[in-house]
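The values are calculated or read from the model by the stated rules, or taken from the named source; none is laboratory data. In this text the structure is predicted, and so the values were computed from the model without any measurement. Ideal geometry is used to build each Cβ from the backbone, glycine not excepted, and the neighbour counts take in all protein chains shown.
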Amino acid sequence: MWTDATQPAPGLPPTPAPGIPPQPYAVPPPVVDPARDLAQEAKFAKMASAALIAGAACYVVIFVLSAFLMSAYARFLSEIFADDFSRRRYFQAPEPPDSVFYLSTVINLVDLVLLAVGVIFLIWFYNAALVAQRARLPARRSPVWSVVGFIIPIVNLWFPYRSAVDMFPANHPGRRLVKRWWALWIGMGVVGLIMYACAFFSVIAAVAMALVGGALAILAAIAARAMIAEIGRVHADLIPTGSPEPPSALPSS
């Protein structure tokens with residue numbers, strides 16, 4: 001025996017009428033704040049620009065040390081194969097020289113710094129791709145795949161380039177910065193392969209190619225910094241920083 005004066009509990013969905021199936025209780029989507037998104041992108045853009053300076057220096061060190069390391073390996077292998085061990089009953093390979101160990105250790109330490117630089121750059125890349133998506137710029141890859149494209153072999157030769165180009169509107173002159181950055185990045189990798197091959201024939205040629213690779217790394221970092229700055233300016237012009245809007249009005253990721 002209860003009173004007829006009742007009402008639904010606060011915060012709960014109303015009881016459906018007879019014959020109407022109950023509807024799932026919808027949780028309101030989070031609110032997207034354009035000003036916060038732009039501030040987040042700008043923060044990581046500043047960090048990535050600073051990290052790229054350290055990254056370029058790391059590549060110069062790695063190129064030069066790798067030239068000497070591969071040359072030391074080449075001399076070590078030539079000494080092994082030059083030794084006439086065909087008449088020996090037992091053969092024990094000699095230990096590599098100490099220079100190989102020291103150079104490898106330094107290169108590994110520099111690689112750790114380079115890994116941190118790469119992580120910071122990818123964080124900015126994701127945030128920039130996300131802002132571009134919320135600015136309704138057509139993209140061939142989602143923000144997540146824009147970052148994953150750097151990791152997957154083979155596809156990392158063009159996925160990152162396309163993702164960076166899609167951060168600009170069509171026919172925007174800033175797309176030329178992406179082409180310059182990516183050409184220098186790919187060229188640096190090609191020079192690195194040539195440097196490793198030269199190390200087995202001439203240490204002078206290997207060091208010369210290492211210096212070319214280091215110069216390309218510096219130019220690639222300069223181009224990347226210019227690209228980051230231009231993407232930030234374009235996104236700030238495209239996205240109004242007024243009142244927040246729900247993500248339902250924005251394209252899905």
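Some notes on this structure:
- Residue within the range 217-230 that is of a type in the set (Asp, Glu) and either at pLDDT below 90 or part of a loop (DSSP other than H, G, I, E, B) (or both) present: no
- Pairs where the first residue, in the range 24-48, is assigned to a loop (DSSP other than H, G, I, E, B) and the second is of a type in the set (Phe, Trp, Tyr) and modelled with pLDDT under 95, C-beta under 7 Å, 6+ apart: none
- For the criterion of being under 14 Å from the mean Cα position of the chain (by Cα), closer than 19 Å to Val60 by Cα and not charged (D, E, K, R), Leu114 passes.
- Matching option when the condition is modelled with pLDDT under 80, part of a helix (DSSP H, G or I) and among the aliphatic types (A, V, I, L, M), among Ala17, Ala57, Ala74, Ala67: Ala74
- Residues that are surrounded by 15 or more Cβ atoms within 10 Å (Cβ to Cβ), without any contact (Cβ under 8 Å) to a residue 60 or more places away in the chain and not basic (Lys, Arg), drawn from the range 126-147: Tyr126, Ala129, Ala139, Trp145, Ser146, Val147
- Filtering Met195, Met167, Met188, Met209 for residues that are more than 28 Å from Ala74 (Cα to Cα) and either part of a helix (DSSP H, G or I) or touching a residue at least 40 places away in the same chain (Cβ under 8 Å) (or both) leaves a single hit, Met167.
- Leu216 meets the conditions (1) crowded, with 18+ Cβ neighbours inside 10 Å; (2) farther than 28 Å from Leu69 by Cα; (3) without any contact (Cβ under 8 Å) to a residue 60 or more places away in the chain in every case but one. The failed one is (2).
- Filtered by the rule that a residue be out of contact with any Phe, Trp or Tyr (no Cβ under 6 Å at 6 or more places or on another chain) and surrounded by 14 or more Cβ atoms within 10 Å (Cβ to Cβ), the range 158-175 gives Phe159, Arg162, Ser163, Ala164, Val165, Asp166, Met167, Phe168, Pro169, His172.
- Residue within the range 135-145 that is small (Gly, Ala, Ser) and part of a helix (DSSP H, G or I) present: no
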